[in-house]
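Asker: Before I ask anything, let me first share the structure, which is written out below as C-alpha cells.
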Amino acid sequence: MASGVPWTYVISTTHHGLNFPLIRVNRRGINVPQGETSHGLRRAIPHAEGREVLVEPSYSVHPSSYVDNPCEIGDGTKIWHFCHIMPHAKIGNRCSLGQNVLVSSHVEIGNNVKIQNNVALYTGAIIEDDVFLGPSCVLTNIVNPRSEIVRRHMYENTLIRKGASVGANATIVCGSTIGRYAFIAAGAVVTKDVPDYALMMGTGPPRRLDEPARLSARGAG
Ligand SMILES: CC(C)(COP(=O)(O)OP(=O)(O)OC[C@H]1O[C@@H](n2cnc3c(N)ncnc32)[C@H](O)[C@@H]1OP(=O)(O)O)[C@@H](O)C(=O)NCCC(=O)NCCS
C-alpha cells in the first residue's frame, strides 16, 4: 500500500468484525494496535459509530514508497522516497530511512536508527538502537550464493549492536556481529565479529583460495 497521506475510515454500524488494515496511528492520543479490527476502533473512539474518522499515521512515508502489511513502524519514523518495507518488518521509533532503502521481511530495526540512501536490509539483519548505516553499505545474508541453487533456508543473521556506525559502501559478510559503538570505516569489508568500540578499516588485498574449504563446508557444492 502506498502511504503518506492520512487514512479515512468510516466506522460501520453493520459490518461488525471487518478487518480493516489499521496502522498504529493517531496524534490525538488514540492508539489502535496494528491489525486491530473495526471493534478496536469503536472501543478507542467512543460514540464514533457511523461517523467518518480521520486516522493519521504517527510516522511519515513518502507517497513514492511502499509499506506492506503487516509490519510495525514506530512513532516519529520518517521513510523517504522510493523505499520498500516488506511484510513482518519491525522498525522502531524516530528512525530515518533515506532514499531507496529496502527493509525485507522479518528484519528488526530498533529506535533512533539512521539509514542513509541505497541500503538494502535483507532477512536476517537485526539492527539495535542508535545505529548509523552509511550510504550504500551492504549487509549480506547468504555466504555462498549460487544462482542455480535455492538457498533461502540458509540465511545467516547479521547483528549490529547499539550505537554502532557503518561507513559508506562498507560490506558486512553475514554471520557477523558488530559490537556496541563499533565504527566500520567507509569501504571496509567485515568478515568476522567486531568487538565493542573497535574501529575497523580496510579491505585487505584479495587472496586466491585454491581450496575453498569454507564454501564446501557450507554446502557450496
Ligand atoms: C574511519 C574514519 C572515521 C577515520 O577518520 P579519521 O580518524 O579522521 O582518520 P584520518 O582521515 O586521519 O585517516 C587516518 C589514516 O587512515 C586512512 N583512512 C581513513 N579512512 C579510511 C578508510 N575508510 N579506508 C581506508 N583508509 C582510511 C587515511 O588515508 C589515513 O592514512 P595515512 O595515515 O596513511 O595518511 C573515516 O575515514 C571514515 O571512514 N568515516 C566514515 C565516513 C562515512 O562513511 N560517512 C557516511 C555518512 S556521509
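The values are calculated or read from the model by the stated rules, or taken from the named source; none is laboratory data. A quick note: this is a predicted structure, and the numbers were derived from the prediction, not measured. Reconstructed Cβ throughout: ideal geometry from the backbone, glycine too, with neighbour counts over all protein chains shown.
Asker: Residues in the stretch 169-202 that are near the ligand (Cβ under 8 Å from one of its atoms) and over 21 Å from Asn111 (Cα atoms): how many?
Answerer: 9
Asker: Moving on. Looking only at residues that are outside any strand (DSSP E or B) and crowded, with 20+ Cβ neighbours inside 10 Å in the stretch 131-141, which one is farthest from the ligand (Cβ to nearest atom)? Walk me through it before giving the result.
Answerer: Within the stretch 131-141, the first condition is being outside any strand (DSSP E or B), and the residues that meet it are 131, 134-137, 140-141.
Checking the rest, the ones that are also crowded, with 20+ Cβ neighbours inside 10 Å come to 131, 134, 137, 141.
Details: Val131: 13, Gly134: 3, Cys137: 8, Asn141: 22 Å.
Across the stretch 131-141, the extreme among qualifying residues is Asn141.
Asker: So, in the stretch 75-97, how many residues would count as being closer than 13 Å to Ile115 by Cα, surrounded by fewer than 19 Cβ atoms within 10 Å (Cβ to Cβ) and of a type in the set (A, V, I, L, M, F, W, C)?
Answerer: So the count comes out to 1.
Asker: Answer yes if at least one residue in the stretch 98-117 is surrounded by 18 or more Cβ atoms within 10 Å (Cβ to Cβ), outside any strand (DSSP E or B) and modelled with pLDDT under 95, and no otherwise.
Answerer: no
Asker: Under 7 Å by Cβ, and 6 or more places apart or on different chains, what pairs join a residue from the stretch 155-167 that is within 11 Å of Ala182 (Cα to Cα) with one that is among the acidic types (Asp, Glu) and within 16 Å of the ligand (Cβ to nearest atom)?
Answerer: Correct list of pairs: Lys162/Asp130; Gly163/Asp130.
Residue-wise test of (1) modelled with pLDDT of 95 or more; (2) among the hydroxyl-bearing types (Ser, Thr, Tyr); (3) under 23 Å from the mean Cα position of the chain (by Cα).
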residue: Gly175; (1), (2), (3): no, no, yes
residue: Gly187; (1), (2), (3): yes, no, yes
residue: Val194; (1), (2), (3): yes, no, yes
residue: Pro206; (1), (2), (3): no, no, no
residue: Pro212; (1), (2), (3): no, no, no
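Asker: Looking only at the stretch 149-162, decide whether some residue is assigned to a loop (DSSP other than H, G, I, E, B) and within 14 Å of the ligand (Cβ to nearest atom). Working first, answer last.
Answerer: So the first thing to find is which residues in the stretch 149-162 are assigned to a loop (DSSP other than H, G, I, E, B), and the list is 149-151, 155-157, 161-162.
Retained after the next criterion (residues that are within 14 Å of the ligand (Cβ to nearest atom)): none.
Scanning the stretch 149-162, I find no residue that is assigned to a loop (DSSP other than H, G, I, E, B) and within 14 Å of the ligand (Cβ to nearest atom), so the answer is no.
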